[in-house]
Amino acid sequence: MLIQIPKVLSADEIEHFRQQLKLANWDDGRHSAGYLSRRVKDNAQLPDRDPVAESLGEIILASLDRNALFTSAALPLKIVPPLFNRYEVTQTYGPHIDGAIRPVTGTPCRVRTDLSATLFLSDPAEYDGGELMIQDTYGERSIKLSAGDMVLYPGTSVHRVSPVTRGVRLASFFWIQSMVRDLAHRTTLFQLDNAIQSIARDVPGHTGLVELAGVYHNLLRDWGDT
């Protein structure tokens, strides 16, 4: 299940991010990759504890905390603090899969990567190439969103970033451990939640809404962990 979440960041926030990232101390992205990914990774990345990354990451997390679509789709339990990468001309990231468990630098915390997220910080017109290519049940999907928009996809997906051929591609990326570990269960809950909200908008006061909400919460109670 791929979910696009629009306008996670406002235009003013995007401009603030860009100004901060211009002044940041970028590192070779291969330093953070595993031994297999290191062979196919060519980008720049901010270190985990970089003050710019930490400051901007807090803005992203605060925005997601208010985002109903993200909450419904991810049912988040833990979130790895957002990281940031940059791709310039010829840079790319070949096919890889994210590690199943992600440590949070400087803490004893570990996060199971049920979901991966990419938040685009450059508009598509600013660069060529750089598509996020995600393999799913229906083949490979090409994702290239407006600045401030985010895509959420299963952490089990093989994915890659196609080579940038013009301009610079900036993005934030991170992982989420969901309260509902099973993808099929999480998808069912998301679809049910969407249906409940649609009925509540179109037929306010419908007598079946309470029963549907009860089904949703009983399933979440049965499938969820905290």
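The values are calculated or read from the model by the stated rules, or taken from the named source; none is laboratory data. Remember, predicted model here, so these are calculated numbers, not experimental data. Heads up, the Cβs are rebuilt from the backbone with ideal geometry, glycines too, and the neighbour counts pull from every protein chain shown. Protein only, heavy atoms only, side chains kept; ligands, DNA and RNA dropped before computing areas. Shrake-Rupley method; radii C 1.70, N 1.55, O 1.52, S 1.80 Å.
Say whether the condition of being open to solvent by 10 Å² or more (accessible area, probe 1.4 Å), among the β-branched types (Val, Ile, Thr) and either free of Cβ contacts under 8 Å to residues at least 24 places away in the same chain or under 25 Å from residue 31 (Cβ atoms) (or both) is met by at least one residue in the stretch 126-135. So far as the stretch 126-135 goes, no, none of its residues is open to solvent by 10 Å² or more (accessible area, probe 1.4 Å), among the β-branched types (Val, Ile, Thr) and either free of Cβ contacts under 8 Å to residues at least 24 places away in the same chain or under 25 Å from residue 31 (Cβ atoms) (or both).
Being over 19 Å from the mean Cα position of the chain (by Cα) and open to solvent by less than 60 Å² (accessible area, probe 1.4 Å), is that true of even one residue in the stretch 83-99? Among the residues of the stretch 83-99, at least one is over 19 Å from the mean Cα position of the chain (by Cα) and open to solvent by less than 60 Å² (accessible area, probe 1.4 Å), which makes the answer yes. Among the residues making up the stretch 187-206, those that are among the aliphatic types (A, V, I, L, M) and either part of a loop (DSSP other than H, G, I, E, B) or in contact (Cβ under 8 Å) with a residue 60 or more places away in the chain (or both) are 189, 203. Note on the stretch 28-72: among residues that are touching an Asp or Glu at 6+ places or on another chain (Cβ under 8 Å) and part of a strand (DSSP E or B), the one that is surrounded by the fewest Cβ atoms within 10 Å (Cβ to Cβ) is 44. The set of residues from the stretch 81-111 being touching a strand residue (DSSP E or B) at 6+ places or on another chain (Cβ under 8 Å) and without any contact (Cβ under 8 Å) to a residue 60 or more places away in the chain comprises 100, 101, 103, 104, 109, 110. In this structure, residue 219 qualifies as open to solvent by 40 Å² or more (accessible area, probe 1.4 Å) and either assigned to a helix (DSSP H, G or I) or farther than 29 Å from residue 29 by Cα (or both). If the condition is being within 19 Å of residue 187 (Cβ to Cβ) and without any contact (Cβ under 8 Å) to a residue 40 or more places away in the chain, then the stretch 58-77 contributes 68, 71.
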